[in-house]
Amino acid sequence: MIGVGSRVAGIVLLGVLLAVFSDGFLTANNLLNVLRQASLTFLVASGVTLVILAAGLDLSIGANLGLSACVAAAVMKSTGSVAPGVAAGLACGTTIGILNGLMVTLLRLPPFIATYGMLWMVRGATYWFMSGEAIYGFPEGFRRLGSGYLIGIPVPVFLMAACLAAGIVFSRFTTYGLEIFAIGANAEAARLSGVPVRSRLNLVYTLSGAMAGLTALVRLAQLNSADAEIGEPLMLPAITAILIGGTSLFGGVGGLTGTLVGAILLTLVLNGMNLLNVSSNWQPLVTGVIVLLAAAIDVWSRRRIEAQA
């Protein structure tokens, strides 16, 4: 696998190229905007990273984020209070994560099938719930969560840093985290070693859902409005960031630091395309190419490791 250091070098190289070809790249506003967008990608991708480390998959995160944001917006508007809306958004995201975990562990559905089916169910529920309407206009205090600044730095960046630190401690320095890596490397061997595989799988899907709910609140605060499609733009970038960051789709290899680097690298690519006036129609194509390249590198690295074993 290509190390995190190589990916950081890629960020530096890309930054140098963009600075040469675009006068607007090194401005404070642009760099802060890159950090803000990367933080949203990281937040929603962080929970999925844990799922993939355990050799699972969560394709429902975009739909989960969308429904959680809409539920939070509706509750906030109906009650006139921020706290119930925040609680409702987090509860919605976490509940969907729990259901994903139960489908994988209790019903023993393949993660792809379980979460892909959940994606469509949640998306349908969101369209029904919103009925083509949009909810907008939230308290200024809540909006600071997505668009505010603290000592000149966007608030979501601090949230990203806190989640990164907590995630690293959890995944690298606790028994839970080490067991997740063990499950991803070989679930049967982990089970025979006494690891509660089902319980840990339920945990990572729950955390993925909770992070989708948290990101939904940040996205809602940033846009100051919610509609049925609010979560869709973040699904593909989240998966892409994880792959770019070096977390293996086969499980057991990778981590949140790599996901952060992947989120920044992907955001820089998209930001550079905007600065260079590349048509937005090309951005999904470029993102798709990046996904395929990252997946191919993952497969090739896995085969090389297996050949050397």
Debye log10 I(q)/I(0) at q = 0.22 Å⁻¹ for the range 240-305, Cα point scatterers: -0.88
Size of electric dipole in the range 10-164: Cβ of Lys, Arg +1 and of Asp, Glu -1, about Cα centre, debye, nearest 20: 180
Ratio Rg/Rh [Cα only; Rh per Kirkwood] for the range 1-94: 1.12
Residues Tyr127 and Ala307, FRET efficiency given R0 of 51 Å [Cβ-Cβ distance, rounded to 0.05]: 0.60
Net charge of Cβ neighbours under 13 Å - reference Met103; Lys, Arg +1; Asp, Glu -1: +1
Rounded, prolate or oblate (a/c below 1.5 giving rounded, otherwise prolate when a/b exceeds b/c) for the range 119-160 by Cα gyration tensor: oblate
Per-peptide average of other Cβ atoms within 10 Å, ordering 284-293, 99-108 highest first: 99-108, 284-293
Listed residues Ser171, Ser199, Ser60, most fluctuating in the chain (Gaussian network, C-alpha, under 10 Å): Ser199
Formal net charge of residues neighbouring Thr257 (Cβ-Cβ distance under 13 Å; K, R +1; D, E -1): +2
GNM flexibility winner over the chain from Val12, Val157, Val204 (Cα, springs under 10 Å): Val12
Rounded if a/c under 1.5, otherwise prolate or oblate - the range 51-195, Cα gyration tensor axes: oblate
Neighbour net charge for Asn29 - beta-carbon separation under 15 angstrom, K R +1, D E -1: 0
³J(HN,Hα), Karplus 6.51/-1.76/1.60, whole Hz, each residue of the range 56-65, x for Gly, Pro: x, 7, 10, 8, 8, 4, x, 5, 4, 4
Within the accessible area of the chain (1.4 Å probe), percent carbon and sulfur: 69
Calculated Cα extents along the principal axes in Å (choose from (1) 56, 39, 37; (2) 55, 49, 35; (3) 67, 60, 45), label: (2)
Helical mean residue ellipticity (222 nm; -39500 (n - 2.57) per DSSP H run of 4+; nearest 500) of the chain: -26000 deg cm²/dmol
Solvent-accessible area per residue for the range 152-245 (1.4 angstrom probe, square angstrom): 39
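The values are calculated or read from the model by the stated rules, or taken from the named source; none is laboratory data. Worth saying up front: this structure is predicted, and the values here are computed from it rather than measured. FYI the Cβ positions are ideal-geometry reconstructions off the backbone, even for glycines, and counts take in every protein chain you see. Note: accessible area is taken over every heavy atom of the protein model, side chains too, but ligands, DNA and RNA are not part of it. Shrake-Rupley method; radii C 1.70, N 1.55, O 1.52, S 1.80 Å.
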